[in-house]
Amino acid sequence: MEPAVSLAVCALLFLLWVRVKGLEFVLIHQRWVFVCLFLLPLSLIFDICYYVRAWVVFKLSSAPRQHEQRVRDIQKQVREWKEQGSKTFMCTGRPGWLTVSLRVGKYKKTHKNIMINLMDILEVDTKKQIVRVEPLVTMGQVTALLTSIGWTLPVLPELDDLTVGGLIMGTGIESSSHKYGLFQHICTAYELVLADGSFVRCTPSENSDLFYAVPWSCGTLGFLVAAEIRIIPAKKYVRLRFEPVHGMEAICDKFTRESQRPENHFVEGLLYSLEEAVIMTGVMTDEMEPGKLNSIGNYYKPWFFKHVENYLKTNQEGLEYIPLRHYYHRHTRSIFWELQPMALSAWSTSRRDIIPFGNNPVFRYLFGWMVPPKISLLKLTQGETLRKLYEQHHVVQDMLVPMKCLSRALHTFHNDIHVYPIWLCPFILPSQPGLVHPKGDETELYVDIGAYGEPRVKHFEARSCMRQLEKFVRSVHGFQMLYADCYMDREEFWEMFDGSLYHRLRKQLGCQDAFPEVYDKICKAARH
């Protein structure tokens, strides 16, 4: 009972402190106290309840029986909206703070909220090599089930809380994307409820226009109610090779060559400065060399990006065997590097960090089993002042550019925002209809450049700096992930994305009076 009493005393003292100082002061200047005492335990309780529920539902096979009724309920809500005069646009009723995206869209308060309670895995068909899931199924949920029965997704995006619906209506990527493409490219069917309340199933051969228009549409063509996704046999480990590389030319050459090798199941790069990177290549295997196992996902292990950095500091190559599920979620505990301490300015010093000592061995061993705090809870409790500070002094962006432009892109990132580490993830982009495709008629190799953290350029101003970066991405026929802050105007947005099929379908399916255009849903004016 003594630990519980101590925790209760600490919580009481904290509440007294909050009463004296004020909640906003604490959330801004000593955020880590609030996170450690409240958000970490709440995150753990949430995860336990969620996974127990998912396990019970799957074991009882109750989700397939209830799915059709839940879809009919969504159809009923849409038809009632029409009967009431279709006075406002529709959107999902899921609160904005529950999403992994940093945005909390204010449109939720003015649009008709359609409640969509679809969060279960419906079927795993190993003969057809397909898993059928509802849109709120998470990547953590998928890996927990599939790896336990010897299967996996060809592309399994990193963070546990990413949902299938978000990865389809937005986009998703992983270090296997150089073989399989983006998350949308491993999907074989979508089921939607349309603006008139009708149900439709679309595949590459059935309602194909809708199938290719749905990805990146952010829920502006209909409500996703199920998806079928390819699965492939899984193996126990990833044999991961770490290679430090110095010099921009050598980094780009090495990364491009490894991304073109089909024998590599996984390719990833972490850029620690403009001239220093570690390139990682992995292969799934059931065999393991003695003494080289690294269960990097264990709560007491160092954060993955810090572990990788050691290879750069020692300038030595390395080979490790990482359990497959640990590899898939290697950046989850540190939310890539968003939890790291970066006291580089008055902004950093005043706001503190989410958990400034999170990678300390003592903290990892004692409390690492509760990490990370859920992004949704961090958003819910950040407050308006902290949100504005993040907006002006923090960058979370993923830009997708052709691999042939990698060197130019990295120099542009360095000059415009100067954020490190930078995540490099290659992917193939097929020439298919839809919002995102290569400029030519052939599949092209692209790279996702992920920048997450505090810009180190002098006099950083979010709008002007990001508009400069967006302009470069448009100039090389690249794309900006739509979960992030978008500063483009409407004309610039439709210069970046191909809206021909999208706009034709919106008119054909009666979406213009039912859903906002995708630009209006993600632009700055709508998101805050």
Worksheet item: Does region 199-207 contain at least one residue that is buried (at least 19 other Cβ atoms within 10 Å of the Cβ), of a type in the set (Val, Ile, Thr) and either assigned to a helix (DSSP H, G or I) or free of Cβ contacts under 8 Å to residues at least 24 places away in the same chain (or both)?
Response: no
Worksheet item: So how many residues does region 135-160 have that are assigned to a loop (DSSP other than H, G, I, E, B) and small (Gly, Ala, Ser)?
Response: 1
Worksheet entry | region 254-270: number of residues that are part of a helix (DSSP H, G or I), out of contact with any His (no Cβ under 7 Å at 6 or more places or on another chain) and not aromatic (Phe, Trp, Tyr) | 4
Discussion item. Cβ-Cβ distance below 6 Å, separation of 6 or more or different chains: which pairs start in region 260-287 with a residue that is within 13 Å of Leu410 (Cβ to Cβ) and in contact (Cβ under 8 Å) with a residue 60 or more places away in the chain and end on one that is in a strand (DSSP E or B) and open to solvent by 10 Å² or more (accessible area, probe 1.4 Å)?
Written reply: Ala277/Val245
Discussion item. Anything in region 123-167 that is touching a Pro at 6+ places or on another chain (Cβ under 7 Å), hydrophobic (A, V, I, L, M, F, W, C) and modelled with pLDDT under 95? List them, or say none.
Written reply: Met139
Fill in: Number of the condition not met by Phe460 [criteria: (1) outside any strand (DSSP E or B); (2) touching a helix residue (DSSP H, G or I) at 6+ places or on another chain (Cβ under 8 Å); (3) modelled with pLDDT of 95 or more]
(3)
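Please work out which residue is most open to solvent (accessible area, probe 1.4 Å), limiting yourself to region 393-425 and to residues that are in a strand (DSSP E or B) and farther than 16 Å from Leu445 by Cβ. Working first, answer last.
Quick first cut of region 393-425, residues in a strand (DSSP E or B) only: 395-402, 422-425.
Then drop every residue that is not farther than 16 Å from Leu445 by Cβ, which leaves 395-398, 422-423.
Values: Val395: 5, Val396: 29, Gln397: 6, Asp398: 9, Ile422: 2, Trp423: 10 Å².
Result: Val396.
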Worksheet, complete the sentence: Condition set open to solvent by 10 Å² or more (accessible area, probe 1.4 Å) and not in a helix (DSSP H, G or I), scope region 487-498, selection modelled with the highest pLDDT: answer is Asp498
Discussion item. What's the total number of residues in region 28-87 that are among the aliphatic types (A, V, I, L, M) and in contact (Cβ under 8 Å) with a residue 24 or more places away in the chain?
Written reply: 13
Item to complete: Mind listing whichever residues of region 310-327 are more than 23 Å from the chain's Cα centre (by Cα), under 23 Å from Glu263 (Cα atoms) and either aliphatic (A, V, I, L, M) or in a strand (DSSP E or B) (or both)?
Response: Gly318, Leu319, Glu320, Tyr321
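Conditions (1) of a type in the set (Gly, Ala, Ser); (2) in contact with a strand residue (DSSP E or B) (Cβ under 7 Å, 6 or more places away or on another chain); (3) modelled with pLDDT of 95 or more; (4) part of a strand (DSSP E or B), marked per residue:
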position	(1), (2), (3), (4)
Arg239	no, yes, yes, yes
Glu243	no, yes, yes, yes
Cys252	no, no, yes, no
Tyr272	no, no, yes, yes
Gly291	yes, no, no, no
Val308	no, yes, yes, no
Item to complete: Considering each of Gly291, Gly222, Gly297 in turn, give the residue that is on the phi > 0 side of the Ramachandran plot and open to solvent by 10 Å² or more (accessible area, probe 1.4 Å).
Response: Gly291
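Table: residues versus (1) within 18 Å of the chain's Cα centre (by Cα); (2) charged (D, E, K, R); (3) more than 22 Å from Glu495 (Cβ to Cβ).
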residue	(1), (2), (3)
Leu366	no, no, yes
Val371	yes, no, yes
Ser376	yes, no, yes
His394	yes, no, yes
Leu400	yes, no, no
Lys404	no, yes, no
Leu424	yes, no, yes
Fill in: Breaking point among (1) open to solvent by 50 Å² or more (accessible area, probe 1.4 Å); (2) farther than 20 Å from Ser198 by Cα; (3) not small (Gly, Ala, Ser), for Val57
(1)
Practice prompt. Taking the options Leu429, Leu482, name whichever one is among the aliphatic types (A, V, I, L, M) and open to solvent by 10 Å² or more (accessible area, probe 1.4 Å).
Written response: Leu482
Worksheet item: Just for region 233-250: of the residues that are out of contact with any helix residue (DSSP H, G or I) (no Cβ under 8 Å at 6 or more places or on another chain) and either open to solvent by less than 80 Å² (accessible area, probe 1.4 Å) or among the hydrophobic types (A, V, I, L, M, F, W, C) (or both), which one is farthest from Thr412 (Cα to Cα)?
Response: Pro233
Worksheet entry | All positions within region 114-134 that are open to solvent by 10 Å² or more (accessible area, probe 1.4 Å) and either in a loop (DSSP other than H, G, I, E, B) or without any contact (Cβ under 8 Å) to a residue 40 or more places away in the chain (or both) | Met115, Ile116, Asn117, Met119, Asp125, Thr126, Lys127, Lys128, Gln129
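The values are calculated or read from the model by the stated rules, or taken from the named source; none is laboratory data. Everything quoted here is computed from the prediction, not taken from an experiment. For neighbour counting, all protein chains shown are included, and Cβ atoms are generated from backbone atoms with ideal geometry for every residue, glycine included. For the accessible areas, the whole protein counts, side chains as well, though only heavy atoms, and no ligand, DNA or RNA atoms are used. Shrake-Rupley method; radii C 1.70, N 1.55, O 1.52, S 1.80 Å.
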